[in-house]
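Inspection log for the structure reproduced underneath, given as structure tokens.
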Amino acid sequence: MQHVSAFSTPQTVPAAPAAAAGRKATLWILDSWRDLILYVCTPLLLVPIFIAAQGLWAAEDIYLFVAAFGAMGHHLPGMIRAYGDRALFQRFRWRFICAPIFLVVVCAAFSLWDLKGIVLVAFVWGVWHGMMQTYGFCRIYDAKVGSFAELTRRLDFAVCGIWFATAVLLSPQRMTDTLESYYAAGGPFIPPALLRAGQQGLLALAIAMAGVFLVNFVWMWLQGRRPSPVKLVLLVTSISFWWYCNNIVASVLVGIALFEVFHDVQYLSLVWIYNRKRVESDNSIGGFMRFVFRRSGALVGVYVGLVLAYGGLSLSKSYVGIEAVKRILTGVVTASALLHFYYDGFIWKVREKSTRQSLGISGGTVDASTNGFLPSWALHAAKWVGVFAIPLTALWFTEVHSVQGKLQRLGAIVADLPSSVRAHVNYATALQEAGRADEAVSHFTAALHLNPGSSKTHVNLASILIEQGKLNEAQTHFEQALRIEPNNAEYHSGYAYLLEKLGHDDEAAAECEASIRLAPKSAQAHYSYGAFLEKHGKVDEAIAHYRESLRLDPRLLDSHIDLGSLLFDKGDLAEAKSHFQSASNIDPKLAQPHNFLGKVFMAEGNMTQAVMEFEEALRLHPDFPEAEENLRIAKQSENTISPSP
């Protein structure tokens, strides 16, 4: 939760002395044990939970769940406040009306055109947002003990900002993603020496700032104007956990998910407390907000259920088959995140009286300051034009006019981040796709030198070695990958293919069966076993596995083609035709299904239709000798059956 305006000077208005004197001071927002669980020491609970979760689910699955139900779901409470609090809505009406329209249009357009600038903006804003939530809690805890010194406030802000930025800048994993978005958006190349100097300089500055912060903390304590000790613990746990998630957790996806859960627990619990107190103290709040935020244990479940339901909307794009619609939905999800960041910049300001009262802090201003040479709305608009509209427009322009290719971008990232495993793997994969196998091998090898425990890198390297005919080396890497992940069905299936090429058919069959046993609902595993059985003449068993693969995934192209081919050989022309037609519908640009359809029509005696299919196959793939020969035979047969008058 961001408790101060994103672009205002960090401040907290001092509490009124009379009010402060009449109340018993407390260190806590709720009480000691609940604050420690929900706000301060949450990471100590999350780490063992996630370690256990990784034993049950893949990192990608954990990230997908947290990103959907946590990351997007926690946007909802802010939306409820924005549109359910009448006084707040009236005060910022035009922001709440115009911002969603603007951001949805912009994000959908960037996603539809596959422009990466919006991804970079969302990432930078997300880091800022997470940092500001930590800073906001610091200010709340200091306000609880009556600590309002200006230097202390500024040092809190500086320590949070510098350490959050340093953790990202020194993280090879996060910087790989950041530079990928930056270079994809057309950003100029950053010389490696400049990047490393920036990393070292920022780390030195962060250490120095931490020293100044501690000196000031001790000095204020000795002077009797004591900052909150809870704040100090909060800073240590939050910054350490941010560093752990970015630089120590092996999987970047797990690291993102870990900190997201911490962020969400803090945010959702504090917003619940805030809104409940607001409903109890302000009779003007009614409707949905009054219903949800009443003092009721059952309504906590309703609150969590609504959050999860809203988060589930982000999964909808995974079930959409139309690419354009999927991209638009991705843009809407991005817009939801940006709206959350934007709204939190002004609806939870700690310095305002209503916010402070709902947090149990006295004092504060009645409204935001409107002093200045510009009206508040004009100043607000000018700030956002400067920090959002102009940078995003610049990113759009540079990306549209960028001449950098994918290989050039990924190579630049490797040069910038030579210690990044992901940078080497991404570059090696792109080199493999470009047919530069020897260079790809060197970068996969470099990645394994940095992280020998990456099973996926072992398998990727093995796939190139198989193409190069280095089967024994490939076998070594497959065996290493299976030692690391013995229950990975995909690896067993790939190893079966290698064993078959080595002539170890019995072992290959056992690996195929292991793959299906480990992933009985994997369409690809059934297809691979079907292909193995077909090669060894077990046609009926192969057909059974092809059918099962299509039951699990009706859009598996290779299964349609191979099953159709076997059915054609068995004389089942009708079903074979349906599978070839399905394959053509799945990939209209593929020539092979049209060649098979032509053969079916030839077998049925429909030479005219056969000729049309063979011609379409050759139009899609002019260098297709089999289709060319089939077309010659079909035309010859057509002339024989229907001679010219």
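The values are calculated or read from the model by the stated rules, or taken from the named source; none is laboratory data. It should be emphasised that the depicted structure is a prediction, and the values quoted were computed from it without experimental measurement. Cβ: placed from backbone, ideal geometry, glycine included. Neighbour counts: every protein chain shown.
Across the range 91-112, not a single residue is classified as touching a His at 6+ places or on another chain (Cβ under 6 Å) and either buried (at least 19 other Cβ atoms within 10 Å of the Cβ) or within 25 Å of Phe288 (Cβ to Cβ) (or both).
Of everything in the range 154-173, what is of a type outside the set (Val, Ile, Thr) and either crowded, with 21+ Cβ neighbours inside 10 Å or free of Cβ contacts under 8 Å to residues at least 60 places away in the same chain (or both)? Give them in sequence order. Talk me through it step by step, then tell me what you get.
Let us first name the residues in the range 154-173 that are of a type outside the set (Val, Ile, Thr), namely 154-158, 160-161, 163-165, 167, 169-173.
Those that are of a type outside the set (Val, Ile, Thr) and either crowded, with 21+ Cβ neighbours inside 10 Å or free of Cβ contacts under 8 Å to residues at least 60 places away in the same chain (or both): Leu155, Asp156, Ala158, Cys160, Gly161, Trp163, Phe164, Ala165, Ala167, Leu169, Ser171, Gln173.
Exactly one residue out of Arg547, Arg555 is part of a helix (DSSP H, G or I), out of contact with any Pro (no Cβ under 7 Å at 6 or more places or on another chain) and not acidic (Asp, Glu), and it is Arg547. Restricting Leu499, Leu465 to those that are over 21 Å from Tyr427 (Cβ atoms) and out of contact with any strand residue (DSSP E or B) (no Cβ under 8 Å at 6 or more places or on another chain) reduces the list to Leu499.
Take the conditions (1) crowded, with 21+ Cβ neighbours inside 10 Å; (2) closer than 30 Å to Leu170 by Cβ; (3) small (Gly, Ala, Ser); (4) modelled with pLDDT under 90; Ser251 misses just one of them, which is (1). For the range 59-90, name all the residues that are surrounded by 15 or more Cβ atoms within 10 Å (Cβ to Cβ) and farther than 21 Å from Ser269 by Cα. Correct list: Ala59, Ile62, Tyr63, Leu64, Phe89.
Looking only at residues in the range 222-246 that are small (Gly, Ala, Ser) and part of a helix (DSSP H, G or I), the one that is farthest from Gln133 (Cα to Cα) is Ser240.
Here is a yes/no grid of residues against (1) more than 24 Å from the chain's Cα centre (by Cα); (2) at pLDDT 95 or above:
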{"position": "Arg351", "(1), (2)": "yes, no"}
{"position": "Gly363", "(1), (2)": "yes, no"}
{"position": "Val366", "(1), (2)": "yes, no"}
{"position": "Ala382", "(1), (2)": "yes, no"}
{"position": "Pro391", "(1), (2)": "no, no"}
{"position": "Lys406", "(1), (2)": "no, no"}
{"position": "Glu439", "(1), (2)": "yes, yes"}
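The listed residues are Thr176, Thr237, and the only one of them that is over 23 Å from Leu38 (Cα atoms) and crowded, with 18+ Cβ neighbours inside 10 Å turns out to be Thr176.
The condition of being in contact with a Ser or Thr (Cβ under 7 Å, 6 or more places away or on another chain), of a type in the set (Val, Ile, Thr) and part of a helix (DSSP H, G or I) holds for only one of Val425, Val414, that being Val425.
Residues being more than 24 Å from Val320 (Cα to Cα), touching a Phe, Trp or Tyr at 6+ places or on another chain (Cβ under 9 Å) and hydroxyl-bearing (Ser, Thr, Tyr) are represented in the range 563-572 by at least one member.
Need pairs with beta-carbon distance below 9 Å; first residue under 16 Å from Leu502 (Cα atoms) and within the range 526-538, second among the aromatic types (Phe, Trp, Tyr); sequence gap 6+ or separate chains. Taking only residues 6 or more apart or on different chains, the pairs are Phe532/Tyr497. Would you check if Ala603 is of a type in the set (Gly, Ala, Ser), surrounded by 19 or more Cβ atoms within 10 Å (Cβ to Cβ), out of contact with any Asp or Glu (no Cβ under 6 Å at 6 or more places or on another chain) and not assigned by TED's automatic domain parsing to the domain that holds Cys512? Here the answer is no, as Ala603 does not meet what is asked. Residue count for the range 498-517, restricted to those that are surrounded by fewer than 17 Cβ atoms within 10 Å (Cβ to Cβ) and either within 31 Å of the chain's Cα centre (by Cα) or assigned to a helix (DSSP H, G or I) (or both): 7.
Quick check on Leu533: is it closer than 20 Å to Arg619 by Cα and assigned to a helix (DSSP H, G or I)?
So Leu533 does not fit the description; no.
When only residues in the range 518-530 that are surrounded by fewer than 18 Cβ atoms within 10 Å (Cβ to Cβ) and either touching a helix residue (DSSP H, G or I) at 6+ places or on another chain (Cβ under 8 Å) or among the small types (Gly, Ala, Ser) (or both) count, which is farthest from Phe478 (Cα to Cα)? Ranking the candidates gives Lys521 first. Restricting attention to the range 254-292, the residues that are farther than 30 Å from Arg174 by Cβ and in a helix (DSSP H, G or I) total 16.
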